[in-house]
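K.L.:
I'd like to ask you about the structure that follows.
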Amino acid sequence: MTDPHSELVHPFKALYIHIPFCRSKCIYCDFDSASTASSSVARSVDPYVTSLVRRIRSFGEAGLLSGIQTVYVGGGTPSILGDTLVDLVRLVLVYCKPTEFTCEANPDSFDLDFARALSQAGVTRISFGVQSLNDDELKAVGRIHTAEIALNAIRCAIQFGLIVSADLMCGLPKQSLASWRDSLARIISSGVEHVSVYPLTVEDGTPLSRLVSLGRVLLPDEDFQAMCMSEARDALKRAGFMPYEVASYARAGHVCRHNIAYWTGVPYLGIGRSAAGMFSACDASGLSPYFSGLSDREQMASGRIRYVQLDDSAHRFDYEVVSDREAASEDLMLGCRLTSGIPAPRLDELSKRISLPEVARSCDRACALGLARWVDSRGAEISNVDSTSLISSSCSLFQPTELGWLEGNVLFELFWDLAEPSDKID
């Protein structure tokens with residue numbers, strides 16, 4: 001009898017594992033996570049990990065993890081698991097040999113012994129949710145670490161050779177431009193290799209949302225946030241961190257390859273409650289034993305299947321069929337997040353799934369608005385742009401500009417709109 005999985009050759013290139021537990025939930029967070037301060041939540045941790053282990057082994061023993069190139073364990077707060085997280089890392093590495101293995105951590109649950117254990121197990125990167133290095137700002141959003149605890153956690157990770165990424169947020173309550181500059185300066189001098197910068201957003205249903213509605217906290221000032229984002233870009237670039245994505249900066253050789261996988265259409269496997277994943281529709285039939293509820297429609301589709309795991313035990317999933325055209329427009333949009341841009345051969349490939357005139361029109365429009373530019377193989381800007389001919393070339397690059405970074409939503413929409421066919425070709 002033929003093994004239905006034998007024809008699946010490396011269906012996934014990236015692996016995400018979700019840990020939906022925190023010691024304390026921040027007032028702005030709308031992620032799927034719960035505080036272990038609740039006894040019922042604390043009791044659910046071990047059964048949840050057992051279900052993760054079962055699923056990892058299921059994919060691994062079938063050989064479906066052998067093509068994994070990057071692994072990211074996020075949450076929640078994965079570091080809250082302690083030695084159990086170390087065991088999970090070791091289990092994953094039985095089945096694959098990724099070039100990058102990242103674990104998210106909160107500074108309050110990270111010390112020298114933990115850094116040593118994760119490094120020895122095979123983790124290569126730690127991503128800390130620092131958010132600020134001002135204690136008043138940290139308290140205002142419910143973070144339970146202090147600036148000094150965060151800096152000490154960074155030192156511990158660096159001591160054992162782990163690449164460190166730090167998240168910072170702008171527009172926090174009590175934040176000023178001076179305190180933002182101070183957080184930037186201190187995080188730069190801490191020795192981290194990667195920084196992600198995000199504006200605070202008020203999500204419906206969060207404690208922050210309720211405080212805003214009661215007038216106890218002001219909505220983040222968008223002009224202030226834009227100023228902070230520009231300050232961050234300037235300060236980080238001066239310090240040798242190059243922007244490689246809308247919100248991400250890295251020293252040479254230290255970009256997050258896992259995140260780049262998301263932005264370049266790489267198939268990825270999400271394991272855990274609320275974890276998302278995506279795979280080629282042509283693999284759907286072979287993967288159906290691992291994804292309950294995959295209908296005949298999904299198994300017969302072309303394009304991609306996007307899914308979200310809805311429960312702890314991987315019995316329920318939400319599926320979305322993404323057509324070839326929709327996938328191509330999505331890849332174009334996400335490619336515009338990367339400051340390196342989209343190579344002409346990649347644009348040519350994606351144009352075949354939409355249409356060359358439509359893609360060229362969007363590229364021309366982006367250039368006319370100053371949101372993007374064409375550059376040659378030496379990085380010099382090309383004047384007298386004709387996107388139709390440049391897409392067909394092999395040595396040019398379509399690249400977002402500084403304005404395109406600041407007004408990303410306008411740029412992204414030009415390509416997301418290509419998901420639907422248009423008969424208006426100018």
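The values are calculated or read from the model by the stated rules, or taken from the named source; none is laboratory data. Keep in mind that this is a model prediction, so the values were computed, not measured. Cβ coordinates were reconstructed from backbone atoms using ideal geometry, including for glycine residues, and neighbour counts include every protein chain displayed. Note: areas computed on protein heavy atoms with side chains; ligands, DNA, RNA excluded. Shrake-Rupley method; radii C 1.70, N 1.55, O 1.52, S 1.80 Å.
K.L.:
Which loop-located GluC sites (Glu not before Pro) does segment 71-164 contain, where loop means any DSSP state but H, G, I, E or B and the Cβ has at most 14 other Cβ atoms within 10 Å? Display every interim value, and only then the final one.
P.N.:
Numbers: sites: Glu100, Glu104, Glu137, Glu148; in loops: none.
Nothing satisfies the criteria.
K.L.:
For the chain, what percent of Cα pairs sit more than 31 Å apart? Mind dumping the intermediate values first?
P.N.:
Values: 40910 of 90525 pairs.
Within the chain, distances greater than 31 Å cover 45 percent of Cα pairs.
K.L.:
Then there is this: If you roll a 1.4 Å probe over the chain with all protein chains in place, what percent of the accessible area is carbon or sulfur?
P.N.:
Result for the chain: 51 percent of the exposed heavy-atom area is carbon or sulfur.
K.L.:
Okay, next question. Could you name the lysines whose alpha carbon sits less than 22 Å from that of Lys174, not counting residues in the same chain fewer than 8 places away?
P.N.:
By straight Cα distance, Lys174 reaches Lys25, Lys139.
K.L.:
A further question follows. Over the chain, with the other protein chains present, what is the accessible area per residue in square angstrom, probe 1.4 angstrom? Before the final figure, lay out the partial values.
P.N.:
Values: 18880 Å² over 426 residues.
With the other protein chains kept in place, the chain gives 44 Å² per residue.
K.L.:
Follow-up. Project the alpha carbons of segment 191-250 onto their principal axes and report the range along each, largest first, in whole Å.
P.N.:
42, 20, 20
K.L.:
Over the residues of segment 4-138, compute the C-alpha Rg and express it relative to 2.2 N^0.38 Å.
P.N.:
Working: Rg = 15.9 Å, N = 135, 2.2 N^0.38 = 14.2 Å.
Normalised by 2.2 N^0.38 Å, the Cα Rg of segment 4-138 equals 1.12.
K.L.:
While we're on this one: Below 8 Å between Cα atoms, with a sequence gap of 6+, how large is the relative contact order for the chain in percent? Let's see the in-between values first.
P.N.:
Working: 815 pairs, mean separation 55.9, N = 426.
Worked out over the chain, it gives 13 percent.
K.L.:
Something else: I'd like the distance between the alpha-carbon centres of segment 100-166 and segment 241-304, rounded to an integer number of Å.
P.N.:
26 Å
K.L.:
Kindly provide the GluC sites (Glu not before Pro) of segment 268-352 that DSSP labels as loop, not H, G, I, E or B, and whose Cβ sees at most 16 other Cβ atoms within 10 Å. Show your work: numbers first, answer last.
P.N.:
Numbers: sites: Glu298, Glu320, Glu326, Glu330, Glu349; in loops: none.
Nothing satisfies the criteria.
K.L.:
Using the scaling law 2.2 N^0.38 Å as the reference, what is the normalised Cα Rg of segment 155-243? Please list the in-between numbers first.
P.N.:
Working: Rg = 15.0 Å, N = 89, 2.2 N^0.38 = 12.1 Å.
So the Cα radius of gyration is 1.24 times the expected 2.2 N^0.38 Å.
K.L.:
Here's a follow-up. Please give the calculated 222 nm ellipticity per residue for the chain, where each DSSP H segment of at least 4 residues contributes -39500 (n - 2.57) and the sum is spread over every residue; nearest 500 deg cm²/dmol? If you can, show how the numbers build up before the last one.
P.N.:
Numbers: 17 runs with 170 residues, N = 426.
Calculated mean residue ellipticity at 222 nm is -11500 deg cm²/dmol.
K.L.:
Sort Met242, Met333 from largest to smallest accessible area, using a 1.4 Å probe on the heavy atoms of the protein chains. Could you put the intermediate results ahead of the total?
P.N.:
Values: Met242 105, Met333 40 Å².
Solvent-accessible surface, decreasing: Met242, Met333.
K.L.:
Are there trypsin sites (Lys or Arg not before Pro) in segment 321-420 that DSSP marks as loop and that have at most 10 other Cβ atoms within 10 Å, and which are they?
P.N.:
Details: sites: Arg325, Arg337, Arg346, Lys352, Arg353, Arg361, Arg365, Arg373, Arg378; in loops: Arg337, Lys352, Arg353, Arg378.
Qualifying residues, ordered by number: Arg378.
K.L.:
Next question, about the same structure. By a straight-distance test (C-alpha under 28 Å), which lysines pair with Lys352 as possible cross-link partners, with residues fewer than eight away in the same chain excluded?
P.N.:
Cα-Cα hits under 28 Å: Lys13, Lys424.
K.L.:
May I pose another question? Let's see if you can work this out: charge +1 on each Lys and Arg Cβ, -1 on each Asp and Glu Cβ, no other charges. What is the dipole magnitude of segment 274-355 about its Cα centre, in debye to the nearest 20? Working shown, then result.
P.N.:
Working: 9 positive and 13 negative charges, 50 e Å.
Here the size comes out at about 240 debye.
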